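The values are calculated or read from the model by the stated rules, or taken from the named source; none is laboratory data. From a predicted model like this one, the values you see are computed outputs, not experimental measurements. For neighbour counting, all protein chains shown are included, and Cβ atoms are generated from backbone atoms with ideal geometry for every residue, glycine included.
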Amino acid sequence: MLAKPVPVAMAQGSSCWGCFQSLVDIHLKLADVLPLLDIKYWQAVVDYKLKDLEGYPDKSIAVGFYEGMARTEEDIHLLKVMRQKCQTLIAFGSCSCFGGIPGMANFSDIEQCYDVKFRHNKTVNGGSVPSVNVPAITDVVKPNTDYAAFDVYLPGCPPTSKLILTAVTALLEGKPLELPPYTVCHYCKREKKETPISEILRPYVGKADVQRCLLEQGYICMGPSTWGLCEGQCVNKGATCRGCFGPSPPIMKDHGAATISMLGTYAPIDPDKLIAQVKDPLGTFYRFDYPTSHLGRIRIKHEEAERRRK
Ligand code: SF4
Ligand code: SF4
Ligand code: SF4
């Protein structure tokens, strides 16, 4: 038991709050954890304001969680303040680690995003981009690490409650957090026969053999290239892995490219046929980590160059 509660801060950039929901989902274990926390900031839960966070002495908060990506100027400011005030800063969830689902906004440019969201949104007549009492939005989703360095990465969309509990307990006790490096396949109970894929199938096509590897049956499963911190929760319940925990530590850099390369090994199919069979390749292979990928970096540079040119 700790001598006194540890000062912590929970900050939310642009996100869906699912990661903090997963923290709350610890349920009864919260009764053990909460007394150990001296919550200094958690904008959606505790009535502290940003100026309170800004007013704390630098490094006076032991552990900080930053959920979401930094899409607005306010998000970026919050992330930088968190870095300044926290000794250990955690990239909490895949949005924070890699850009996450909102990072797919970079598939389009900002004007196209405005069109879909505001100007030509089917639920709005005469829509316009809001500009009053809202923070400025950035032209492109950049990885959070472009704005601040993190000490710990806890990926997942969202991270599982078990993983959060393990991490929080270790960090609060001042112990090193050692996470297993295995991929999702390591935890998958399905049988692999090393048989090549003859055809790529959409998830709803046919009826998968419940005992056998889904990838070998033609369903795109990102288990071989995805960090298995979830312990294979989807593949062991009948669904393919969509890669929400991002790349495993030996790969780390480009999850999508690793998956495409893996698919090339498993599926000796003519490349043109393969491309035709994989619908929405960007959304399939880069769903959770486009901004941090090599391809995504090129896109960010392109968008920035376009902005400078205009
Ligand atoms: S990682 Fe997933 S659950 Fe967490 S904030 Fe992002 S979208 Fe939501
Ligand atoms: S590819 Fe998917 S289904 Fe096959 S063993 Fe790996 S995690 Fe399981
Ligand atoms: S099996 Fe894949 S998609 Fe499912 S939780 Fe784990 S990493 Fe995410």
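Values as computed for the structure displayed
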{"quantity": "Selection count, the range 11-70, where residues are farther than 17 Å from Ser96 by Cα, assigned to a strand (DSSP E or B) and among the hydroxyl-bearing types (Ser, Thr, Tyr)", "calculated": "1"}
{"quantity": "Cβ-Cβ under 6 Å pairs, at least 6 apart or on other chains, the range 164-191 side without any contact (Cβ under 8 Å) to a residue 12 or more places away in the chain, far side in a loop (DSSP other than H, G, I, E, B)", "calculated": "Ala170/Leu177"}
{"quantity": "Lone qualifier among Tyr182, Tyr219 - being within 30 Å of Ile26 (Cα to Cα) and within 16 Å of ligand 2 (Cβ to nearest atom)", "calculated": "Tyr182"}
{"quantity": "Test set (1) within 28 Å of Pro224 (Cβ to Cβ); (2) away from ligand 1 (no atom under 16 Å from the Cβ); (3) not assigned by the TED database to the domain that holds Asn236; (4) not small (Gly, Ala, Ser) - Asp146 fails condition number", "calculated": "(1)"}
{"quantity": "Residue match in the range 109-128 (condition: within 27 Å of Leu282 (Cα to Cα) and within 16 Å of the chain's Cα centre (by Cα))", "calculated": "no"}
{"quantity": "Qualifying residues in the range 233-273 (those that are under 17 Å from Lys192 (Cβ atoms) and in contact with a strand residue (DSSP E or B) (Cβ under 6 Å, 6 or more places away or on another chain)) - the one surrounded by the fewest Cβ atoms within 10 Å (Cβ to Cβ)", "calculated": "Thr240"}
{"quantity": "Selected residue (criterion: modelled with the highest pLDDT) from residues of the range 16-70 that are of a type in the set (Ser, Thr, Tyr) and within 16 Å of ligand 1 (Cβ to nearest atom)", "calculated": "Tyr66"}
{"quantity": "Of the criteria (1) over 23 Å from Pro155 (Cα atoms); (2) free of Cβ contacts under 8 Å to residues at least 24 places away in the same chain, which one Asp38 fails", "calculated": "(2)"}
{"quantity": "Tally, over the range 274-302, of residues that are surrounded by 13 or more Cβ atoms within 10 Å (Cβ to Cβ) and at pLDDT below 90", "calculated": "1"}
{"quantity": "Total residues in the range 88-109, condition touching a residue at least 40 places away in the same chain (Cβ under 8 Å) and either of a type in the set (Ser, Thr, Tyr) or part of a strand (DSSP E or B) (or both)", "calculated": "7"}
